[in-house]
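Comments concern the structure below.
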Amino acid sequence: MKTVKKSTKILTKNKKPEKSLLLRIKKTGGRGSSGRISVRHIGGGAKKMYRMIDFGQNKQNVFAEVKALEYDPNRTAFIALLEYEDGEKRYVLAPKGMKEGDKVMTGEKVEVNIGNRMQLKNIPDGTQIYNVELEPGKKGKFVRSAGSNAVVMAHDEGYILLKMPSSEIRKVKEACYASIGIVSNHEHKFEKIGNAGRSRRMGIRPTVRGSAMNPCDHPHGGGEGRTGIGLKYPKTPWGKHASGVRTRGQKWSDKLIVKRRVKK
């Protein structure tokens with residue numbers, strides 16, 4: 001299998017991360033406070049520092065210059081280092097098309113340019129946006145992964161109708177903020193890990209198929225050679241449904257969903 005690598009041509013060459021915006025990440029190995037594994041297949045991996053990302057961009061009506069575009073090992077998208085006119089530096093999600101030297105601004109109503117951030121009520125219909133707030137002042141919560149974007153569909157009595165990357169249409173309060181553009185690194189979906197060593201360096205431990213196990217270890221186990229699971233539906237190692245079951249619980253924001261996503 002041919003390895004498809006991340007395209008890093010747009011990134012700033014020989015740029016080290018901004019020290020003041022780094023935090024140490026403590027490894028958990030997928031274990032909770034009790035010491036038991038709560039998330040499987042996690043462990044090891046190369047040491048990395050967390051980049052503090054400003055998802056809110058609450059510095060209003062002040063121009064910021066893009067000083068560098070950088071790789072972030074903690075997310076699929078690239079990040080941009082902004083320097084404001086007062087000298088403060090912050091990391092933000094970089095949109096597709098952003099370049100070093102660009103100027104961006106956050107405000108209630110600013111120009112509809114890539115990287116600018118404003119209230120949804122002032123964004124024209126049909127505009128592509130990312131890093132969208134769910135509640136005013138609570139920072140961007142969704143549309144943050146590589147290559148994703150939402151589309152402003154309509155303005156409706158204090159709410160904005162957004163078409164999400166999943167094809168779901170939902171209402172968001174018009175006072176919420178969003179950034180203009182598409183999240184960078186849209187080629188991420190074509191990337192292949194390529195070999196087991198790289199997967200381990202990413203902190204992913206080996207995954208064993210249930211059908212390769214013994215009956216005492218997994219409901220799919222047992223049989224001679226490569227056999228089917230022999231059940232009406234796939235199960236987890238603990239006997240619960242593993243496919244076709246709703247996992248999303250009831251949330252207060254369900255009432256804001258106008259149209260559910262189309263299942264592939």
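The values are calculated or read from the model by the stated rules, or taken from the named source; none is laboratory data. In this text, all values refer to a predicted model and were calculated from it rather than measured experimentally. When we count neighbours, we look across all protein chains shown, and the Cβ atoms used for this are built from the backbone with ideal geometry, even at glycine.
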Task: Filter pass, Phe63 being of a type in the set (Phe, Trp, Tyr) and loosely packed, with under 15 Cβ neighbours inside 10 Å - done: yes
- [ ] Can you tell me which residue among Ile79, Ile37, Ile114 is over 20 Å from the mean Cα position of the chain (by Cα) and among the aliphatic types (A, V, I, L, M)?
- [x] Ile37
- [ ] Kindly provide the set of residues from the range 43-60 that are exposed (fewer than 11 other Cβ atoms within 10 Å of the Cβ) and either of a type outside the set (Lys, Arg) or not in a loop (DSSP other than H, G, I, E, B) (or both), ordered by number.
- [x] Ala46
Open item on the list: Tell me the residue from Tyr177, Tyr233 that is in contact with a Ser or Thr (Cβ under 8 Å, 6 or more places away or on another chain), of a type in the set (Ser, Thr, Tyr) and either surrounded by 15 or more Cβ atoms within 10 Å (Cβ to Cβ) or touching a residue at least 24 places away in the same chain (Cβ under 8 Å) (or both), please.
Closed with: Tyr177
Task: Residues within the range 100-149 that are acidic (Asp, Glu), in a loop (DSSP other than H, G, I, E, B) and surrounded by 15 or more Cβ atoms within 10 Å (Cβ to Cβ), tallied - done: 2
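For every residue, the table says whether it meets (1) assigned by TED's automatic domain parsing to the domain that holds Cys176; (2) among the small types (Gly, Ala, Ser); (3) not in a strand (DSSP E or B).
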position	(1), (2), (3)
Leu11	no, no, yes
Val62	yes, no, yes
Glu65	yes, no, no
Leu82	yes, no, no
Open item on the list: Looking at Ala178 and the list (1) part of a strand (DSSP E or B); (2) of a type in the set (A, V, I, L, M, F, W, C); (3) not assigned by TED's automatic domain parsing to the domain that holds His155, which single condition is not satisfied?
Closed with: (3)
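Within the range 150-171, restricting attention to residues that are outside any strand (DSSP E or B) and of a type in the set (D, E, K, R), which residue is modelled with the lowest pLDDT? Spell out the reasoning first.
Here is the first cut: in the range 150-171, the residues outside any strand (DSSP E or B) are 157-158, 164-168.
Checking which are of a type in the set (D, E, K, R) leaves us with 157, 168.
Numbers: Glu157: 88, Glu168: 94.
The selected residue is Glu157.
Just for the range 20-42: of the residues that are more than 30 Å from Glu83 (Cβ to Cβ) and hydrophobic (A, V, I, L, M, F, W, C), which one is surrounded by the fewest Cβ atoms within 10 Å (Cβ to Cβ)?
Taking the range 20-42 and keeping what is more than 30 Å from Glu83 (Cβ to Cβ), we get 27-42.
Filter once more, keeping what is hydrophobic (A, V, I, L, M, F, W, C): 37, 39, 42.
Details: Ile37: 14, Val39: 10, Ile42: 16.
My answer is Val39.
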